[in-house]
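Structure, as structure tokens:
Coordinate-derived values only; no laboratory data. Keep in mind that this is a model prediction, so the values were computed, not measured. Here the Cβ is made from the backbone with ideal geometry for all residues, glycine too, and neighbour counts use every protein chain on show.
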Amino acid sequence: MSEEEIKGALALMESMSRDDLEGDDFKDPYTEAMDKIIEAKRGNRRAGRRL
């Protein structure tokens, strides 16, 4: 890639990025459900509803 292409790509990425997003704003329901299943299995209990 040429220097000009790299500069253009970096400028495009910068224009599309946001600084106002926080990691706590996002949830991962699959991982949360898996954590519950793992904890339930550790205690030899049923995990509740299936995924």
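A few notes on this one:
- Among the criteria (1) in a helix (DSSP H, G or I); (2) over 20 Å from the mean Cα position of the chain (by Cα), the one residue 33 does not fulfil is (2).
- Within the range 18-32, residues that are of a type in the set (D, E, K, R) have Cβ atoms under 6 Å from residues that are assigned to a loop (DSSP other than H, G, I, E, B) in no pair, counting only partners at least 6 apart in sequence or on another chain.
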